[in-house]
Amino acid sequence: MNTKKVKTDEGEGILIITLNSPETLNALSSQILQELDEIIDKIWYEKYSGVIIRGEGRAFSAGADINELYSLENFHQAYEYLRNGQRILSKLEKLKYITVAAIDGYALGGGFELALACTFRVATKNSKLGLPEINLGILPGYGGTQRLSRLISPQKAKKLIMEGKIISAQEALEIGAIDDIAEDNQELIKKAKEIIFKFKDKNPTALRYIVELCNISSSGELEENLRTEALFCASCISSPYAKNKMKEFLEKKRK
Ligand code: COA
């Protein structure tokens, strides 16, 4: 029987997804990716305030499974393998929930790319992050070149990826690759939850639109993105949720 390599726990309206293969430092094997994919599909229509992704043991994830990468026999297999991983991470990025990567330990290669597909990232102070693929003669293939560039600027991303440098949580915070630092694992989960709770009273649909619009801001045509912004905003303006909020504001002013 295949034991599960990804587990889920629920509490306080939050789903915690745990990569549970500490013996391989949660390397993103096909099994882990498939389980993650199934979980994302399953929770698509559920109702959570947010999702936290974490890793069991001394890594969030040490990246794509190098054994599997090595066994890919030709260009086509490698391409399909990477596209599958990209598809899952893009699906995670588009999930309607606020997602927080709670990093304790290594977040390298595909592990860091998984974190980059989340809405926010928090790491314990001893964590190590980076995209060291160049040291294996390759490059990030799960969206790292795109999402890191978008997050910290193409120039800073280029340097980090070309050097294959592994950085501390403090350095990651300074360049804007993570959003907060925690003392230890306990504080990490607390901070990850706090990020989610911060948005509890905000319109979840508007939040989702904001994430998507900010994510597409560095690609595509400005005019097209502006049209999408107007569409999303118009759909919020015409929703009962926003109408009530605006009415409340106007009535308060009249009093
Ligand atoms: N793919 C497959 N297995 C991996 C892995 C990965 N990305 N990262 C770690 N592992 C495995 C190791 O092979 C080892 O397995 P073993 O016990 O059967 O030998 C186990 O996880 C523990 O890792 P180990 O290297 O012994 O731990 P360490 O503390 O000495 O080093 C790292 C930790 C993270 C520095 C090191 O594992 C590493 O560099 N990993 C690869 C990081 C990387 O290049 N990621 C990008 C991949 S494209």
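What follows draws every value from the coordinates through simple rules; no lab data is involved. For clarity, every value in this text was computed on a predicted model and none was experimentally measured. Ideal geometry is used to build each Cβ from the backbone, glycine not excepted, and the neighbour counts take in all protein chains shown.
Of the chymotrypsin sites (Phe, Trp or Tyr not before Pro) in the stretch 1-88, which ones lie in a loop per DSSP and count no more than 12 other C-beta atoms within 10 Å?
Passing sites in the stretch 1-88 are Trp44, Tyr45.
A Förster radius of 41 Å combined with the Cβ-Cβ distance from Ser90 to Arg254 puts the calculated FRET efficiency at roughly 0.35.
Of all DSSP-defined beta bridges confined to the chain, some 25% are antiparallel rather than parallel.
Would you mind telling me the antiparallel percentage of the DSSP bridges in the stretch 9-156, rounded to 5? Approximately 10 percent, going by the DSSP bridge assignments.
Here the Kirkwood formula, the inverse mean of 1/r across different C-alpha pairs, assigns the chain a hydrodynamic radius of 19.2 Å.
Between rounded, prolate and oblate, where does the stretch 1-141 land on the alpha carbon gyration tensor, with a ≥ b ≥ c its root eigenvalues, rounded for a/c under 1.5, else prolate if a/b exceeds b/c? The shape class here is prolate.
When shorter helices are ignored and each DSSP H run of at least 4 residues is given -39500 (n - 2.57), the per-residue value for the chain at 222 nm works out to -15500 deg cm²/dmol. Extension gain, Glu187 to Glu163, is 5.5 nm, computed as 0.36 nm per intervening residue step minus the present C-alpha separation. Based on the Cβ-Cβ distance from Gln155 to Lys198, what FRET efficiency comes out when R0 is 30 Å, to the nearest 0.05? In this case the efficiency is close to 0.45. Using Cβ point charges alone (K and R +1, D and E -1), the dipole size of the chain about the Cα centre works out to roughly 1220 debye.
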